[in-house]
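All of the numbers you see were taken from the coordinates with simple rules; none came from a lab. Everything numeric here is computed off the predicted structure, so don't read it as measured data. Virtual Cβ from ideal backbone geometry, glycine too; neighbours counted across all protein chains shown.
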Amino acid sequence: MIEAASIYAGSTRLVQNLNFMPRVRYAENIAGAPANCVASTKPWRAEFATEGARVEIPRLQFALYDEASNRVTFRQSARPDIVKYRCNRPHEWIISAPAHLTGCAAAPTLLRRENAQGRVMNRQIERHRVEGQSGAPLAKFSDPDWTATGERRARVGLRALKTLWFNTGTLCNIACENCYILSSPTNDALAYLNLAEVETYLDEIATLGLPTGEMGFTGGEPFLNPDLPAMADAALERGHRVLILTNAMRPMMRKAPRKALASLAARFGERLVLRVSLDHYAALHHDAERGVGSFAASLAGMRWLRDNGVRMTVAGRTIWGEDEVSARAGYAALFAAEGFAIDAADRSECVLFPEMDDSADVPEISAACWGVLNKRPDDVMCATSRMVVKRRAAARPVVLACTLLAYDPRFELGHTLAEAQRTVSLNHPHCAKFCVLGGATCSA
Ligand code: SF4
Ligand code: SF4
């Protein structure tokens, strides 16, 4: 018996006070096992399809061990100490109660979920620990729906897919001190995307009629990927704008990429933009991050872009404690001296990124924070963008919530853009520090 369970779609409770659920014998795959349907009288709303269904079952706490019968009895804890079983696909549900849940309160609870299409997803929810009469507290950022203090976690729905990023691979010709994605000449954790894979997503955008105006290519160093010019060409040919993030060093300056870039710029003009990473306007700071001589190499690349009519912008960093006005003045002086057509005062042409300190203790963002901070879910990147990556040895690419969390599997949303339209829970420190509190955006 499970007392007082509820089923939600988003924040709407469809049914409540479910007192009995059929017990299904534990197995690796419970497809075809019996389950009951629950009818809700709530009117259907379109967002239910993207919000997905969620079953909330109050956590069972150890209450009594009867040596005579060798049985453990549990009792229901009070909210918000709740176990939440979540699935993001429209479906029917079957929930199994593993046999060991009734026999050992310290064993992991394993959940099997089966939807109408026959897909099985499993997830180890959490360990039920027996520490006196209380369950273990949630760690910060661990639960997709609840903060450690029991508040509803902030979530962001995809308002409109305006920018689709492609991570062309994590290999890079250099290894910067503070590379957010840990790129280097040896890190191939994200493999090269190829033209056919990118075209699949371009096709899907057309088929679904998505309002995706901009295609971003990031790495690693995108010009190491031999398909980059063809991938950019394919996106431009279909009428999209293309933004390529590059260090403008040797990989871009090889003969073939230069020839391709000059051709693309001549054919598509300002719809092609290269955003060059120039950490600081002074060689001293830039080279401290990227290695001696890297400032000079990037400037040489920028001069070539200038001379060949390729539109460019700059991305810098703010790790030197310099105020923004001084930093923009420094960049403005450099651009003027070099004849670069970049407006240092324009935040989309000269993007200054805050640092992402993984060790910093940041607050969790609850649903109530939006009002307190006077921010809107629509303002963060995952409201308008997604990123496609291909993990090393993976058969096909996967779509992530954003560019910032390339290695965290909790932010994988599916293989297709249709699947990736679902809501994102902000349960990573970057969500708080970089997006909600820092207000950063990756797009132009
Ligand atoms: S150039 Fe960019 S991708 Fe390469 S290591 Fe530096 S920050 Fe990372
Ligand atoms: S890091 Fe930012 S863009 Fe990425 S999921 Fe979190 S809030 Fe969204």
Inter-part distance where segment 302-318 and segment 205-255 are each reduced to a Cα centre, Å: 16 Å
D323-V292 pseudo-label distance in nm [points 7 Å out on the Cα-to-Cβ vector]: 3.5 nm
Beta bridge orientation in segment 205-325: antiparallel %, DSSP, nearest 5: 0 percent
Simple spin-label estimate for E151 and N374 in nanometres, 7 Å along Cα-Cβ: 1.8 nm
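Could you please report the charge total around N173, scoring K, R as +1 and D, E as -1 over all other residues with beta-carbon less than 11 angstrom from its beta-carbon? Could you put the intermediate results ahead of the total?
Numbers: positive: R250, R254, R290; negative: E221.
Value of the local net charge: +2.
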Nearest-20 debye value, segment 297-444 charge dipole, Cβ charges on Lys, Arg, Asp, Glu: 680 debye
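Per 0.36 nm of contour for each residue apart, how much would the distance between T207 and R392 grow if the chain were fully extended, relative to their Cα-Cα spacing? List each step's numbers first, then the result.
Working: separation 185, 0.36 × 185 = 66.60 nm, distance 2.82 nm.
My answer for the length gained is 63.8 nm.
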Farthest positive-ward along segment 247-309 dipole, Cα basis, beta-carbon charges - from L274, L284, S294: L274
